[in-house]
1. Mind listing whichever residues of region 450-478 are of a type in the set (Val, Ile, Thr), free of Cβ contacts under 8 Å to residues at least 12 places away in the same chain and surrounded by 13 or more Cβ atoms within 10 Å (Cβ to Cβ)?
2. Tell me which residues, restricted to region 224-243, are farther than 18 Å from GLN24 by Cβ and either of a type in the set (Phe, Trp, Tyr) or in contact with an Asp or Glu (Cβ under 6 Å, 6 or more places away or on another chain) (or both).
3. Restricted to region 352-373, and to residues that are of a type outside the set (A, V, I, L, M, F, W, C) and assigned to a loop (DSSP other than H, G, I, E, B), which residue is farthest from the chain's Cα centre (by Cα)?
4. Does any residue of region 374-385 turn out to be part of a helix (DSSP H, G or I), closer than 27 Å to ALA286 by Cα and under 31 Å from the mean Cα position of the chain (by Cα)?
5. Please tell me if SER123 is of a type outside the set (Asp, Glu) and farther than 27 Å from LEU341 by Cα.
6. Would you mention how many residues in region 107-120 are touching a residue at least 60 places away in the same chain (Cβ under 8 Å) and either under 29 Å from HIS228 (Cβ atoms) or open to solvent by less than 30 Å² (accessible area, probe 1.4 Å) (or both)?
7. Condition (residue is in contact with a strand residue (DSSP E or B) (Cβ under 7 Å, 6 or more places away or on another chain), of a type outside the set (S, T, N, Q) and open to solvent by less than 40 Å² (accessible area, probe 1.4 Å)) applied to region 231-244: is it met by at least one residue?
8. Quick check on my filter: what residues within region 450-468 are part of a helix (DSSP H, G or I) and of a type in the set (Lys, Arg)?
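The values are calculated or read from the model by the stated rules, or taken from the named source; none is laboratory data. All values reported here derive from a predicted model rather than from experimental measurement. Glycine also receives a Cβ, built like all others from the backbone with ideal geometry; neighbour counts cover every protein chain displayed. These accessible areas exclude ligands, DNA and RNA; they are computed on the full protein's heavy atoms, side chains included. Shrake-Rupley method; radii C 1.70, N 1.55, O 1.52, S 1.80 Å.
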Amino acid sequence: MTLTRGERFIQSLRDERNVWIDGQRLDDVTAHPSFQGTLTTIKHLFDMLDDKQIQAQIGFRNAETGTYAHHAFLVPANREDLKRRRAAFSYWATETHGVMSRLSEFARSLVTGWYAARHEFTSLDPHFADKISRYYEQARDQDLFLTTALLDPQIDRTKSAGEHRNPDSVLRIVKETEEGVVVRGAKMIATAGPYAHDFLVYPYYRLKETEREYAHFLIVPANLPGLHIICRESFASLSGGDHPLSEKYDEMDAVLFFDDVLVPWEHVFLKGDIDGVWKLRMNRTAGALAFHQTVVRLLAKLEFVTGVSVAVAQSIGADSYQHVQEKLGELVIQVESIKGLLLASEIQSSRTDAGIELPSLGPIETARNLGAWYYPRALDILQLIGAGGFMQVPSKLEDLNGPLGDMMKTYYAGKQLDADHKVRLFKLAWDLVGSPLGSRHELYERFYAGDPVRTYANQYVNADKSELESRMRTFRQTHYGKEAESDESTIAGQQLSRTTL
């Protein structure tokens, strides 16, 4: 019997990985109720690449195997390829309403970017190009589900990696052997960790020169001995009608404990090179391809919240009030702004020396920074529109058919909506704004791209300000007859632009 692609994915997770939830180690992550809905969703998405009706919309034919690979693995040679990648990301994001942020396309895009830019790293490690090429092909051809684990545990945020009282607080290489490197410590947040095949692991922030044992780029298989995947509380619901998003889309977050884990040499791509690891972290090719995907997903999510908000307003007749129309207009502006920035990133794309077509990072960074504020504001608006109506829903959908069903069907009805559909709508909206899953997503959108203060500051620091400065010089020349000497603000801006926060 031939297994579907999704069935092979599910089967591949029965690999003796150490997944912990509620204080228990799971014998089979695929059998635990906390993961049933999410894995069913992922299986459905993976099976799309075998569906002749839609496979070409989300993937490309692998010339060697004859099968389709996801467009996250497509190295873009032109703007049409960027559109193909966007279409694939959009297809999956729309299927999941943007509420599954780590469906592997982000981490896959990072790997694709490093592969495309592999020769930039030859000077750092002569084996890098061969290793990343082999891994890229393996991930592409075997449908590997990848995720990242980049942050250090929040123990003492005033300390850098090497300043903690316990040196094992942050993941570090403690020994090298003929087989590979032994690492000890912890990493977070591994979203989708329990059902990922491999973790991309490297420092998110620049290390000091004295912290070389913490400088590494590893791709860590999830089933390595000594690696423990510690899950947060599950937000999955077993009652789909009452919590339709929580039933299908709770992508688990996890912390990784490395208890002297031996990582084979073929999965060790860089080590001990602080500048090299930072160069990999900041690589333009990998960053542009991966961040492009995050904006596609953000757009789908904002569109979904906007659709729910409009439906809620219409269901109770509130859409006729101008102050509600103003709020709904704000949501439309959010959607159109992110859509415009996404398209601008592709229209303003450029080609690298290696012939890779990359979306422009300026619009992408702007969209990501706006998203940290847009999404929480979108939830605020949905709360304001639904207001006390979120409390006016029965505990269970089946209550509508209970002893008080006739009265409920009268009092829970909407303007032009029967009680059943209105209750379902408000339960869906509550899953966005009031459930544990909804709260998790608000927190995620605020911080997944990094500290908003830092990311906003970085956008200013890294922006090309030459045109703005030129306009000021022209203004001075026009109005004062000569260029002002040593403008302190310009000098300060030039100095700041050469630094990295």
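1. Filtering region 450-478 for residues of a type in the set (Val, Ile, Thr) gives 453, 455, 461, 474, 478.
Next, from what is left, pick out any that are free of Cβ contacts under 8 Å to residues at least 12 places away in the same chain: 453, 474, 478.
Within region 450-478, no residue meets the criteria.
2. GLY226, SER237, GLY240, HIS243
3. Just the residues of region 352-373 that are of a type outside the set (A, V, I, L, M, F, W, C), to begin with: 352-353, 355, 357, 359-360, 362-363, 365-366, 368-369, 371.
Checking the rest, the ones that are also assigned to a loop (DSSP other than H, G, I, E, B) come to 352-353, 355, 359-360.
Values: THR352: 25, ASP353: 28, GLY355: 26, PRO359: 17, SER360: 19 Å.
So, considering only residues that are of a type outside the set (A, V, I, L, M, F, W, C) and assigned to a loop (DSSP other than H, G, I, E, B), the one farthest from the chain's Cα centre (by Cα) is ASP353.
4. Residues of region 374-385 that are part of a helix (DSSP H, G or I), as a first pass: 374-385.
With closer than 27 Å to ALA286 by Cα added as a condition, the list becomes 374-375.
Among the residues that remain, those that are also under 31 Å from the mean Cα position of the chain (by Cα) are: 374-375.
Yes - at least one qualifying residue is present in region 374-385.
5. Working: of a type outside the set (Asp, Glu): yes; farther than 27 Å from LEU341 by Cα: yes.
Considered against the rule, which asks whether it is of a type outside the set (Asp, Glu) and farther than 27 Å from LEU341 by Cα, SER123 comes out as yes.
6. In the first step, residues of region 107-120 are kept if they are touching a residue at least 60 places away in the same chain (Cβ under 8 Å); the result is 107, 109-114, 116-117, 119-120.
Subsequent filtering for residues that are either under 29 Å from HIS228 (Cβ atoms) or open to solvent by less than 30 Å² (accessible area, probe 1.4 Å) (or both) retains 107, 109-114, 116-117.
Qualifying residue count for the region: 9.
7. Yes, the conditions are met somewhere in region 231-244.
8. Of the residues in region 450-468, the ones part of a helix (DSSP H, G or I) are 452-462, 466-468.
Listed by number, the list holds a single entry, ARG454.
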